[in-house]
Amino acid sequence: MSTDYDRLPFQPEEYLARRDALRTLMTERGIDACVLNSTENMYYLTGFGSLAHGATSLIVRADGKAVWVMRLTELSNIRALKGKIWADDGIGVPDGQDYATVLARTIAEFVPGKPVIAAEYGTVQMAIAGFLRPKDDAVLNASGLVEHLRRIKSPAEIDLLRKAGHIAAQSCLDGFAALQEGMTDTQLAMVVSDSMMANGSHRPAKMPNVCAGPRTARAHVTWCGAPISRGELVNIEPAASVFDYHTPIFRFYSIGQPAARVLQLFDVCKEALDEGFARVRPGMTAHEAARIFEGVIERRGFAEWMVTRPAYSIGGSFAPGWGEDNVMALRRDHDALLEEGMCFHVTPCLYEDGVGCVGASMPAVLTANGFESLSGDDVVFGVK
């Protein structure tokens, strides 16, 4: 029996339920059509995730009909998925033709009259989205509609995240096994990346973060060909992908005994992680949960080096990153309620210049009894 490599990650019924949930939100807000352009949101609703960033839109009407407007070459994907996805009609825009003109014309034809249109503005870089405004006040802001639906993962989504988590954990173990004095951080990154692919990871949204020494204090910096010395702090942070559902994990190692300060930072982060796993429950606000992690670090006197939120949502992701910080996060002054089925990369970290980045990480799903690991490994500082 042949394998259908173009099959969707989930059954058609799950995608139809997601579409109808969006339709309900649109009806509640009096929206006749949504113009979606977030790759993650389009993927969540249909099972197709376009990599033609900035040149793909999905117009969804309140009656459930939809049409794609995308670069002409990308339309080959929709033809290939005909009959498999509920949104299987599209308009192709040839290279050199003005995309905005085609999009406007398609909206006018697909939703005639004087409809209420909402478009996603949240895909604009978050740092500048606050001062950008729609040119036409008649176009509502649809940002957050689909993100609201993505917060709670279905059992099928959690299964993919768990598979990805085990692959990511194994890649860290394989990296630790290969770690030896004098190897470069690039060679270590090759081992981690090869392990992910060999163990079943699909294309990741970004390559792993692999670095050593005080340089690790520079957030998200990665390999540069530098040799790894005995006693140096080693950071390995991959995110494996299964059908574009990404589960990251962050592990910390050294060849020989690391500096006492490094182990001290790790112990504080591990205590914060354990406290959060013991106490965070559904029904708390994101603020209340964040303060459990942060409170441990503050009581231990390390607040100065705590520069990130303790956890961010994970799920279906595309370049340039693997997180869903715009969907949900544990951070102070955020009053969103935690619910069962939310999935996070829980990773209290400390960044100290001259020392490095040290943390305690565990991807997890929130259950009625608290966090449950999605990677199945242990949080330890690996000394080889």
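The values are calculated or read from the model by the stated rules, or taken from the named source; none is laboratory data. This structure is a prediction, so every number in the text was calculated from the model and none was measured. As a convention, Cβ positions derive from the backbone with ideal geometry for all residues, glycine included, and neighbour counts pool all protein chains shown. Accessible surface is based on the protein model in full, side chains and every heavy atom, while ligands, DNA and RNA are left aside. Shrake-Rupley method; radii C 1.70, N 1.55, O 1.52, S 1.80 Å.
Accessible surface for Asp98 stands near 90 Å², nearest 10, in the context of the full protein assembly shown (1.4 Å probe). The peptide list 367-379, 309-321, put in order of mean Cβ contacts within 10 Å with the highest first, becomes 309-321, 367-379.
Could you work out [θ]222 nm for the chain from helices alone, using -39500 (n - 2.57) per DSSP H run of at least four and dividing by all its residues? Round to the nearest 500 deg cm²/dmol. Walk me through the numbers before you get to the answer.
Details: 10 runs with 125 residues, N = 384.
Roughly -10000 deg cm²/dmol at 222 nm, from the helical runs in the chain.
Leaving out ligands, DNA and RNA, what percent of the accessible area of region 143-229 is carbon and sulfur, probe 1.4 Å?
Numbers: 2170 of 3740 Å².
On region 143-229, the fraction of accessible area on carbon and sulfur atoms equals 58 percent.
Taking the accessible area of region 230-277, probe 1.4 Å, and keeping the other protein chains in place, the carbon and sulfur fraction comes to 49%. The slack in the chain from Met183 to Thr73, taken as 0.36 nm per residue of separation less the alpha-carbon distance, amounts to 35.3 nm.
When Trp223, Trp68 are compared by accessible area of protein heavy atoms, the largest-first order is Trp223, Trp68, using a 1.4 Å probe.
Here the simple spin-label model places points 7 Å from the Cα toward Cβ, and for Leu173 and Asn369 these points are separated by 2.3 nm. The dipole here belongs to the chain: it is taken about the Cα centre, uses +1 on the Cβ of Lys and Arg and -1 on the Cβ of Asp and Glu, and is about 240 debye. The 1.4 Å probe gives accessible areas that order Lys206, Lys114, Lys153, Lys84, largest first, as Lys114, Lys84, Lys206, Lys153.
Distant-in-sequence amide contacts of Val116, defined by a placed amide H-H separation under 5 Å and a gap of 5 or more residues or a different chain, comprise Asp32, Ala33. Phi angles across region 237-245 convert, under the Karplus curve 6.51 cos²θ - 1.76 cosθ + 1.60 with θ = phi - 60°, into 3J(HN,Hα) values of 9, x, 9, 6, 10, 10, 6, 6, 8 Hz, Gly and Pro given as x. Under 5 Å from the amide H of Val93 lie the amide H atoms of Met70, Arg71, Leu72, each residue being 5 or more positions distant or on a separate chain, with H modelled from the backbone and absent for Pro and chain starts.
What is the angle, in °, between the Cα long axis of helix 286-299 and the longest principal axis of the Cα atoms in the chain? Nearest 10 is fine, range 0 to 90. Value to nearest ten degrees: 20.
Between His334 and Ala104, the contour length at 0.36 nm per residue exceeds the alpha carbon distance by 79.2 nm.
Near Ala142, the amide H atoms lying under 5 Å from its own belong to Ala119, Glu120, Tyr121; only residues 5 or more places off or on other chains count, and H is placed 1.01 Å from N.
Taking 0.36 nm per intervening residue step and subtracting the Cα-Cα distance, what contour gain separates Asp378 from Ala259 on full extension? Before the final figure, lay out the partial values.
Working: separation 119, 0.36 × 119 = 42.84 nm, distance 2.17 nm.
This chain segment gains 40.7 nm when fully extended.
Among rounded, prolate and oblate, which fits region 10-107 when a ≥ b ≥ c are the square roots of the eigenvalues of its C-alpha gyration tensor, a/c under 1.5 means rounded, and a/b larger than b/c means prolate? Verdict is oblate for region 10-107. Modelled this way, with points 7 Å down the Cα-to-C-beta line, the labels at Arg7 and Lys114 are 5.0 nm from one another. A simple rule links phi to the HN-Hα coupling: the Karplus curve 6.51 cos²θ - 1.76 cosθ + 1.60 with θ = phi - 60°, which for region 306-320 gives 9, 10, 10, 6, x, 7, 9, 5, 10, x, x, 9, 10, 3, x Hz, with x for Gly and Pro.
Largest GNM mean-square fluctuation across Pro94, Pro258, Pro214, computed for the chain with C-alpha springs under 10 Å, falls on Pro94. Our coupling estimate for region 20-32, obtained by passing each phi through the Karplus curve with A = 6.51, B = -1.76, C = 1.60 and θ = phi - 60°, is 5, 5, 5, 4, 4, 5, 5, 5, 4, 9, x, 9, 8 Hz, Gly and Pro reported as x. Taking Lys and Arg as +1 and Asp and Glu as -1, the other residues whose beta-carbon sits under 11 Å from that of Glu40 total -3. Tell me the carbon and sulfur percent of the accessible area for region 1-101, rounded to whole percent, probe radius 1.4 Å. Roughly 49 percent, rounded to a whole number. Residues in the chain average 44 Å² of solvent-accessible surface per residue, probe 1.4 Å, ligands and nucleic acids excluded.
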